[in-house]
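Structure, as structure tokens:
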């Protein structure tokens with residue numbers, strides 16, 4: 001098949017594409033962003049371009065005026081390239097990243113904005129026990145040409161071939177794909193690749209491409225956290241994870257917790273800005289992942305997102321106001337499959353966006369996704385899943401029942417709002433040892449790089465070691481010891497973990513009393529939530545046979561340290577298991593298996609939500625937990641001798 | 001039908017704190033006051049031993065008090081002008097068994113006495129009276145951190161009770177108490193968690209839990225008394241259930257709180273239908289004390305001799321069972 005060169009102005013980017021590729025599709029491959037609200041259906045009229053040179057074949061839509069046509073304006077999504085072209089993207093059609101690039105400089109100051117970076121996925125993607133049936137499949141078809149003996153329609157011909165070669169029935173095709181089908185089949189010599197996506201229990205032909213592109217089919221899954229966005233690029237054919245990246249959620253410039261963001265959503269343009277912020281972050285991650293692994297954005301055919309309820313609302317631009325108001329109701333917990341482009345997520349314009357189901361306002365899709373990937377829902381024994389994030393989420397249960405709660409812990413364990421915090425990426429300190437006598441510090445960083453900062457698991461270890469080495473009091477105050485690592489500042493004392501000569505940044509890496517206070521509150525909120533939930537069910541921690549710890553705060557966690565600081569209950573350490581970002585793992589599992597996603601629906605329906613904010617005992621328990629490990633030492637018998 | 005009395009059995013007990021040291025113990029006091037040791041809720045003698053009765057400490061200052069209401073001043077008369085004589089009068093005339101010296105004169109706004117001057121006063125007081133002593137600072141953290149260690153040293157060996165240590169400022173005082181063999185008052189703002197935390201922090205420094213007395217912070221009748229009552233009750237329940245970290249005796253500064261209430265000090269001519277101020281203030285102090293005794297108070301720091309007399313009588317009745 002012929003290839004043509006197409007150049008986009010004013011970016012002056014050129015890309016080589018196959019004949020009949022649409023201008024929109026070519027633009028995506030070239031990394032030129034063109035607005036496309038309808039995802040290429042030819043109905044929104046947002047993707048206007050001027051054809052300067054070359055030949056395209058345009059479908060008539062009735063959207064362009066005679067005058068526009070005479071100026072050479074075409075709809076990018078409806079114009080199939082027939083030769084080398086030069087195209088100018090109209091200003092109105094350009095996705096204006098500058099407009100969305102709000103307050104970035106301000107964010108930098110707060111340490112919130114940083115580049116997308118590679119993180120270590122803890123769990124590798126697999127569909128687990130579920131049947132392999134990824135959310136988007138590509139199937140190459142060679143159709144018999146019609147003749148007088150075989151006169152069924154083009155569409156039926158495609159269906160018939162799908163039944164014959166892949167045994168797939170129950171198909172739907174959107175009108176937009178049918179409109180161009182006749183031409184496409186004949187131009188491609190009846191050799192096409194169809195992309196099938198699952199939607200409402202039927203397969204939908206979301207994309208028909210000329211030739212065989214079936215080798216190249218990718219999906220992206222996300223965990224949209226209040227503080228951190230994590231994304232993973234998965235090859236849907238080989239089921240391999242190509243890369244995992246994370247970035248801070250840029251919504252943080254509108255408030256670090258969900259409540260302030262919900263309030264902000266009511267501002268004029270608030271919802272739009274919040275939505276743009278999360279989309280921009282996701283698009284950056286997708287861009288970085290695809291660029292690094294030489295994947296064309298057109299080859300990314302589906303996206304699936306897990307995340308807390310507010311984050312999912314904001315992603316889909318649903319007003320989250322009522323989540324905050326008593327009796328705390330989400331607009332929707334089960335969300336329909338939509339076009340990724342509708343939500344502003346840049347993949348193949350016809351690609352679909354799936355959202356994992358949530359349970360309630362404060363127990364969202366991240367929790368159901370975590371329950372799925374951790375397998376809690378099929379355990380015989382009583383399990384406790386503790387997801388350590390800005391919202392700490394707790395699920396208690398087994399195959400028989402599940403009950404969940406959420407507590408606002410703040411972003412400290414994700415490395416935000418603490419002086420030298422960072423996420424669990426290369427160069428993050430994740431293990432610390434302090435010698436009790438000399439107070440000398442040794443540490444280990446992720447990927448053994450020179451240290452850049454401290455991630456959540458590093459903080460857990462650090463505080464535990466500071467307590468054990470006698471540097472820190474149980475109420476979180478640094479002792480006034482005459483030691484070069486202990487310094488007094490205007491805001492209290494700080495402890496130098498790494499002196500600047502050793503650090504990657506050229507700055508001292510320190511932990512301050514304010515940091516310790518934030519971390520103390522975070523651990524208290526999580527411990528108190530778990531404790532109240534267990535009590536609410538008439539149980540004790542001792543009844544819990546397995547504790548699953550999830551969260552993107554590290555690549556591992558030293559259980560002894562987590563108990564030492566009172567984040568986790570004092571149970572035999574072999575009952576603990578760390579699973580990393582369980583929400584992302586559940587999303588990638590669902591990406592590879594429609595069955596897993598359906599299982600997640602079941603899980604969401606099965607989980608009972610227990611509201612902590614109306615539970616008086618929670619505050620009481622929280623206050624008592626604001627101590628290392630806890631005000632009630634009897635709850636930590638193994639630490640008694642300390 | 002006969003009523004069956006439910007008897008609760010407790011596993012824990014309140015620590016016994018000894019205040020004052022006799023010659024045999026290396027001090028110069030004529031007696032030792034012991035508080036605590038309860039193995040049951042207040043005055044439920046059927047449930048367990050209550051070995052020591054609550055004690056009342058007369059509040060005295062190192063300077064003549066400036067802001068005391070008229071009724072209090074006239075109760076003591078001219079002796080208030082001479083702090084040492086005032087302290088002696090409490091012991092000799094009113095038979096005080098325990099004194100609580102407040103070093104108000106060290107406060108930057110009330111004379112700003114130096115640590116040496118304060119320590120000198122303590123030395124003199126120890127010579128003039130032989131009862132055990134409680135010493136509290138002026139309330140200014142920085143100044144107290146200088147004054148109280150000096151006074152602790154001056155009273156070395158006398159096993160005084162010194163205070164108050166608070167969560168943000170306990171180390172200097174705890175170190176001084178540890179060095180000179182004294183007991184310490186741990187003050188928390190009507191908060192059982194902070195009370196426990198402070199006890200743990202102080203004991204982490206090496207001062208045994210048996211040398212700590214909790215000041216739970218109280219309010220007078222009408223000023224949060226119930227709140228203090230419930231915190232004390234909760235702490236005592238936890239102590240009896242076996243929580244050593246909160247099993248300390250309580251000290252309640254009733255005098256300063258009761259005499260701050262407008263009901264205690266407003267003159268009858270301003271509020272004719274409230275009755276004579278002479279009775280009102282005394283009643284306010286006595287009632288606040290007796291309520292706190294029922295909550296489990298071990299040491300009451302009081303001001304008016306008549307109020308003290310009433311409360312002593314009440315304690316006597318309670319202890320008869």
key: The lone exception for residue B:209 - which of (1) buried (at least 21 other Cβ atoms within 10 Å of the Cβ); (2) within 14 Å of another protein chain (Cβ to nearest Cβ); (3) over 21 Å from residue A:621 (Cβ atoms); (4) in contact (Cβ under 8 Å) with a residue 60 or more places away in the chain it fails   = (1)
query = For segment B:103-143, which residues satisfy the criterion of being touching a residue at least 40 places away in the same chain (Cβ under 8 Å) and within 16 Å of residue B:186 (Cα to Cα)?
reply = B:134, B:136
Unique residue being surrounded by fewer than 22 Cβ atoms within 10 Å (Cβ to Cβ) and closer than 21 Å to residue A:291 by Cβ when the list is A:243, A:231, A:182 = A:243
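Anything in segment A:1-16 that is touching a residue at least 24 places away in the same chain (Cβ under 8 Å), in a strand (DSSP E or B) and more than 16 Å from residue A:83 (Cβ to Cβ)? List them, or say none. Working first, answer last.
Keep residues of segment A:1-16 that are touching a residue at least 24 places away in the same chain (Cβ under 8 Å), which gives A:1, A:4-11.
Filter once more, keeping what is in a strand (DSSP E or B): A:4-9.
Selection gives A:9 alone.
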ask   = Of all the residues that make up segment A:57-73, how many are under 18 Å from residue A:184 (Cβ atoms) and modelled with pLDDT of 85 or more?
value = 2
query = Which members of segment B:94-113 meet the condition of being out of contact with any helix residue (DSSP H, G or I) (no Cβ under 8 Å at 6 or more places or on another chain) and surrounded by fewer than 14 Cβ atoms within 10 Å (Cβ to Cβ)?
reply = B:95, B:109
task = Please work out which one of (1) away from chain B (no Cβ under 14 Å); (2) in contact (Cβ under 8 Å) with a residue 12 or more places away in the chain; (3) out of contact with any helix residue (DSSP H, G or I) (no Cβ under 7 Å at 6 or more places or on another chain) is the condition residue A:516 fails and give its number.
result = (3)
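Can you go through A:122, A:102, A:97 and tell me which one is at pLDDT below 90 and either under 30 Å from residue A:6 (Cα atoms) or in the same structural domain as residue A:192 (by TED's automatic domain parsing) (or both)?
Details: A:122 fails: either under 30 Å from residue A:6 (Cα atoms) or in the same structural domain as residue A:192 (by TED's automatic domain parsing) (or both); A:102 fails: either under 30 Å from residue A:6 (Cα atoms) or in the same structural domain as residue A:192 (by TED's automatic domain parsing) (or both).
When all the criteria are applied, what remains is A:97.
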inquiry  = I'm trying to understand the selection: among the residues of segment B:132-165, which are surrounded by fewer than 19 Cβ atoms within 10 Å (Cβ to Cβ) and within 14 Å of chain A (Cβ to nearest Cβ)?
reply    = B:145
Residue count for segment B:146-171, restricted to those that are assigned to a helix (DSSP H, G or I) and either farther than 27 Å from residue A:476 by Cα or out of contact with any strand residue (DSSP E or B) (no Cβ under 9 Å at 6 or more places or on another chain) (or both) = 8
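Return yes when residue A:402 is at pLDDT 95 or above and more than 19 Å from the chain's Cα centre (by Cα) and no when it is not.
Values: at pLDDT 95 or above: yes; more than 19 Å from the chain's Cα centre (by Cα): yes.
Yes; evaluated as a whole, the condition is true for this residue.
Among the residues in segment A:49-56, are any modelled with pLDDT of 80 or more, farther than 16 Å from residue A:344 by Cα and assigned to a helix (DSSP H, G or I)? Talk me through it step by step, then tell me what you get.
First, pick out the residues of segment A:49-56 that are modelled with pLDDT of 80 or more: A:49-56.
Filter again for farther than 16 Å from residue A:344 by Cα, leaving A:49-56.
From the residues that got through so far, the ones that are assigned to a helix (DSSP H, G or I) too are none.
Within segment A:49-56 (the criterion being modelled with pLDDT of 80 or more, farther than 16 Å from residue A:344 by Cα and assigned to a helix (DSSP H, G or I)), the answer is no, since none of the residues qualifies.
Do we find that residue A:636 is touching a residue at least 12 places away in the same chain (Cβ under 8 Å), surrounded by 23 or more Cβ atoms within 10 Å (Cβ to Cβ) and over 20 Å from the mean Cα position of the chain (by Cα) in this structure? Quick ask: steps written out before the conclusion?
Numbers: touching a residue at least 12 places away in the same chain (Cβ under 8 Å): yes; surrounded by 23 or more Cβ atoms within 10 Å (Cβ to Cβ): no; over 20 Å from the mean Cα position of the chain (by Cα): yes.
No; evaluated as a whole, the condition is false for this residue.
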inquiry  = Quick check on segment A:428-451. Is at least one of its residues under 21 Å from residue A:526 (Cα atoms) and free of Cβ contacts under 8 Å to residues at least 60 places away in the same chain?
reply    = no
task = Scan segment B:174-192 residue by residue and report those that are closer than 19 Å to residue B:18 by Cβ, away from every other protein chain (no Cβ under 14 Å) and touching a strand residue (DSSP E or B) at 6+ places or on another chain (Cβ under 8 Å).
result = B:176, B:177, B:182, B:183, B:184, B:185
key: Number of the condition not met by residue A:403 [criteria: (1) in a helix (DSSP H, G or I); (2) not assigned by TED's automatic domain parsing to the domain that holds residue A:500]   = (1)
task = Please specify each residue of segment B:177-195 satisfying the condition of being in a helix (DSSP H, G or I), more than 18 Å from the chain's Cα centre (by Cα) and under 30 Å from residue B:25 (Cβ atoms).
result = B:178, B:179, B:180
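Given segment A:574-642, what helices (runs of 4 or more DSSP H) lie entirely inside it while holding 3 or more residues that are modelled with pLDDT under 95 and within 14 Å of chain B (Cβ to nearest Cβ)?
On the way: elements: A:582-592, A:594-606, A:616-624.
Because the criterion is at least 3 residues that are modelled with pLDDT under 95 and within 14 Å of chain B (Cβ to nearest Cβ), the helices (runs of 4 or more DSSP H) in segment A:574-642 that meet it are A:616-624.
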query = With respect to the numbered conditions (1) touching a helix residue (DSSP H, G or I) at 6+ places or on another chain (Cβ under 6 Å); (2) without any contact (Cβ under 8 Å) to a residue 12 or more places away in the chain, which one is the sole condition not fulfilled by residue A:356?
reply = (2)
ask   = Considering only segment A:289-336, how many residues are surrounded by 18 or more Cβ atoms within 10 Å (Cβ to Cβ) and under 18 Å from residue A:196 (Cα atoms)?
value = 8
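The values are calculated or read from the model by the stated rules, or taken from the named source; none is laboratory data. Quick caveat, the model's predicted, so the values are computed rather than measured. Don't worry about glycine lacking a Cβ; one is built from the backbone with ideal geometry, like all the others, and counts go over all protein chains shown.
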